[in-house]
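Please treat every number below as a calculation from the coordinates, not as lab data. All figures in this text were calculated on a predicted structure; none of them were measured in a lab.
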């Protein structure tokens, strides 16, 4: 069973629809029993860091997710805010994150010495694959994905960096640590590229 975690933030229906297109059944839920029985988890998210952590806490999901992910090693894919919630903290808020990854979430700079960059970053951007793992199986030679975000993840263990992208500066647009994968972009809005990534996550982990 693939469970898309419903904590009140995120494009849940869009993710489920994309999974349906590639023949994968899933369920949107915050029911603890269903989460406990899940074989794969997806943690989506659109919105602010503190709202995300508060919602997970209010629904008593933090302990259950930590048990599934850290103790039972259930594969999980964090998308956008979901990726950021896996880090230690965020410059966007004051609450601690889940802390599953040695990383922090930081705000984009709006300019460099030569160019201004609108924040949030919105639109298509390429990824640079930094390590070859099952999530990258048969990827397109130049894979691009749809991004909408004002904050980015800074990863402190280089071995955890899965993808990098460039927007004024290089930043981690994907990480992978054991069974934990996070992507800053939206695979559910990224057409054939997103389909490939989601299929690889479900089939290869």
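Just a few scattered comments:
- Beta bridges per DSSP, both residues in the chain: antiparallel share near 60 percent.
- Longest to shortest principal axis, alpha-carbon extents of segment 114-205, angstrom: 42, 30, 20
- Based on the convex hull around the alpha carbon atoms, the chain presents an average projected area of 10.5 nm².
- For segment 6-124, fraction of C-alpha pairs farther apart than 21 Å, in %: 42 percent
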